[in-house]
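The values are calculated or read from the model by the stated rules, or taken from the named source; none is laboratory data. None of these values were measured; they are calculated from a predicted model. We place every Cβ from the backbone using ideal geometry, glycine too, and count neighbours over all the protein chains shown.
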Ligand code: ATP
Ligand code: MG
């Protein structure tokens, strides 16, 4: 409201838009707030002491309030994403009119260099958005909600409808298919018929999206409390296999692979409800576990020793996945440690005292318990470690028969599982 009123006070238009309006209308709590205005980014920045100009492709202003950031964007027009506008934004009559009080140089520079950064009217801005329910604008100028795309009707019907012609809108930005699934899972909405039907003919275009952007989307799909549902919907629409081909193949070959992925997602979903930290590394370790086993077995049958086979398989499986979604280094390290520790944990009690202090012990233990839960052959070691930690006095069987009772130690206090990776 502070941002909106400051903009209005300076004579500009100012609207709350996107997920902020949508989630408030649904009675939910918005994740973040986006503001749209007719003021140019530089003008917005100068209105706030706590504001920063960001972005190269799209210039935006971030207004910071403590840890919260309100993103303020200038009304933009649709760009079809395939060809650059032939004229600069400031040269378009309609747009020049709207911004005639602003320095033309900044605008023409923007429009010329940044092909998507073409300023427009609020109607243009609404129609370039993805779903109708994401194109609702609220302004305290008249306390009204402006609906340029039929979003209120769709919100009532609890459905996701792409603005415009669906196939074309997906082609423009194939990530919108993932966003459709994400919102359907998060809001418990259905996909409107044409919005759903257009996925099948266009879905392979997802392969053209940069792997880094897909990694970001994967995080949003699976790390916001509705991961199980996201996976189900992605698979129903044949999208999961485009993001994780080897994992999808494993799901189809062995039900336990799917069970493990679902168990990891369910555990992540409930950790989020409990306010505990989560990391994509744990999920990715679960997703890729079955492909890893398949690859390691193949390498062993080629004559590699188990540890060598595991190490080579880890490299292969990670490399193959990174062609589809990048995985940052800190995450692959986490995954490799979690995987490598599985056999050490399964070997059991030997050097338990030391193992329990390993920085990745907690994640590896959680992972072992998940595997045990879906019926993998873990020789009951998951349960053993549970008991071991519950009472560190548990005598360690076999290896230390003479030692008897061990001195009680305080259980270590650490963020379970994640070790600050979230
Ligand atoms: P949430 O923040 O809860 O995930 P959101 O709808 O706010 O949901 P954002 O990614 O924050 O999603 O984007 C804000 C708004 O920007 C969206 O509501 C939509 O209007 C627009 N938008 C975002 N991504 C796209 C896209 N790929 N194509 C078209 N419009 C988009
Ligand atoms: Mg948002």
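For region 18-39, the set of residues classified as more than 10 Å from ligand 1 (Cβ to nearest atom), in contact (Cβ under 8 Å) with a residue 12 or more places away in the chain, over 18 Å from residue 119 (Cβ atoms) and assigned to a loop (DSSP other than H, G, I, E, B) consists of 26 only.
Consider region 148-167. How many of its residues are surrounded by fewer than 19 Cβ atoms within 10 Å (Cβ to Cβ) and in contact with a strand residue (DSSP E or B) (Cβ under 9 Å, 6 or more places away or on another chain)? Walk me through how you get there before you give the answer.
The initial filter retains those residues of region 148-167 that are surrounded by fewer than 19 Cβ atoms within 10 Å (Cβ to Cβ), namely 148, 150, 152-153, 156-158, 164-165, 167.
Going one step further and asking which of them are in contact with a strand residue (DSSP E or B) (Cβ under 9 Å, 6 or more places away or on another chain), we end up with 148, 152-153, 157-158.
Count: 5.
What about residue 219, is it outside the structural domain of residue 38 (by TED's automatic domain parsing), in a loop (DSSP other than H, G, I, E, B), at pLDDT 95 or above and closer than 29 Å to residue 326 by Cα?
Details: outside the structural domain of residue 38 (by TED's automatic domain parsing): yes; in a loop (DSSP other than H, G, I, E, B): no; at pLDDT 95 or above: yes; closer than 29 Å to residue 326 by Cα: yes.
No; evaluated as a whole, the condition is false for this residue.
Residues to consider are 315, 295, 344, 350; find the one that is more than 27 Å from residue 239 (Cα to Cα) and either in a loop (DSSP other than H, G, I, E, B) or at pLDDT 95 or above (or both).
Matching residue, one of 315, 295, 344, 350: 350.
Assess whether residue 53 counts as being more than 16 Å from ligand 1 (Cβ to nearest atom), more than 15 Å from residue 138 (Cβ to Cβ) and either surrounded by 14 or more Cβ atoms within 10 Å (Cβ to Cβ) or touching a residue at least 60 places away in the same chain (Cβ under 8 Å) (or both). Judged against the criteria, residue 53 is not a match.
Only one of 296, 313, 349 is out of contact with any strand residue (DSSP E or B) (no Cβ under 6 Å at 6 or more places or on another chain), surrounded by 15 or more Cβ atoms within 10 Å (Cβ to Cβ) and farther than 23 Å from residue 282 by Cβ. Can you tell me which? Full working, then the answer.
Numbers: 296 fails: farther than 23 Å from residue 282 by Cβ; 313 fails: farther than 23 Å from residue 282 by Cβ.
Sole residue among the options that is out of contact with any strand residue (DSSP E or B) (no Cβ under 6 Å at 6 or more places or on another chain), surrounded by 15 or more Cβ atoms within 10 Å (Cβ to Cβ) and farther than 23 Å from residue 282 by Cβ: 349.
Against the numbered list (1) assigned to a helix (DSSP H, G or I); (2) closer than 30 Å to residue 208 by Cα, residue 310 comes up short only at (2).
Inside region 257-278, residues that are modelled with pLDDT of 95 or more and touching a helix residue (DSSP H, G or I) at 6+ places or on another chain (Cβ under 8 Å) make up a count of 13.
Checked against (1) surrounded by 19 or more Cβ atoms within 10 Å (Cβ to Cβ); (2) closer than 22 Å to residue 175 by Cβ, residue 236 passes all but condition (1).
The residue list 281, 264, 309 contains one member that is assigned by TED's automatic domain parsing to the domain that holds residue 363 and over 19 Å from the mean Cα position of the chain (by Cα), which is 309.
Would you mind stating whether residue 253 is closer than 26 Å to residue 380 by Cα and surrounded by fewer than 18 Cβ atoms within 10 Å (Cβ to Cβ)? When the stated conditions are applied, residue 253 passes them.
Quick one: is residue 361 under 28 Å from residue 212 (Cβ atoms) and surrounded by 15 or more Cβ atoms within 10 Å (Cβ to Cβ)? No: the conditions fail for residue 361.
One line per residue, one yes/no per condition, for (1) at pLDDT 95 or above; (2) closer than 18 Å to residue 132 by Cα; (3) in a strand (DSSP E or B):
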| residue | (1), (2), (3) |
| --- | --- |
| 8 | yes, no, no |
| 61 | yes, no, yes |
| 78 | no, yes, no |
| 84 | no, no, no |
| 97 | no, no, no |
| 101 | no, no, no |
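Restricting region 155-177 to residues that are in contact with a helix residue (DSSP H, G or I) (Cβ under 9 Å, 6 or more places away or on another chain) and more than 17 Å from residue 128 (Cα to Cα), the residue that is nearest to ligand 2 (Cβ to nearest atom) is 155.
Condition check ((1) assigned by TED's automatic domain parsing to the domain that holds residue 145; (2) more than 16 Å from ligand 2 (Cβ to nearest atom); (3) touching a helix residue (DSSP H, G or I) at 6+ places or on another chain (Cβ under 6 Å)) across all residues:
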| position | (1), (2), (3) |
| --- | --- |
| 7 | yes, yes, no |
| 16 | yes, no, no |
| 20 | yes, no, no |
| 28 | yes, no, no |
| 33 | yes, no, yes |
| 43 | yes, yes, no |
| 48 | yes, yes, no |
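Please find, within region 118-136, the residue that is modelled with the lowest pLDDT out of those that are over 21 Å from residue 179 (Cβ atoms) and either within 16 Å of ligand 2 (Cβ to nearest atom) or not in a helix (DSSP H, G or I) (or both). So that I can check it myself, show each step before the final result.
Here is the first cut: in region 118-136, the residues over 21 Å from residue 179 (Cβ atoms) are 118-123.
Filter once more, keeping what is either within 16 Å of ligand 2 (Cβ to nearest atom) or not in a helix (DSSP H, G or I) (or both): 118-121.
Details: 118: 81, 119: 87, 120: 90, 121: 94.
Step by step, filter region 118-136, then rank; the result is 118.
Being out of contact with any strand residue (DSSP E or B) (no Cβ under 6 Å at 6 or more places or on another chain) and surrounded by fewer than 21 Cβ atoms within 10 Å (Cβ to Cβ) narrows it down to one of 174, 210, so name that one. Result: 210 is the single residue among 174, 210 that is out of contact with any strand residue (DSSP E or B) (no Cβ under 6 Å at 6 or more places or on another chain) and surrounded by fewer than 21 Cβ atoms within 10 Å (Cβ to Cβ).
Does region 231-239 include one or more residues that are within 16 Å of ligand 2 (Cβ to nearest atom), in a helix (DSSP H, G or I) and assigned by TED's automatic domain parsing to the domain that holds residue 260? The answer is no; no qualifying residue exists.
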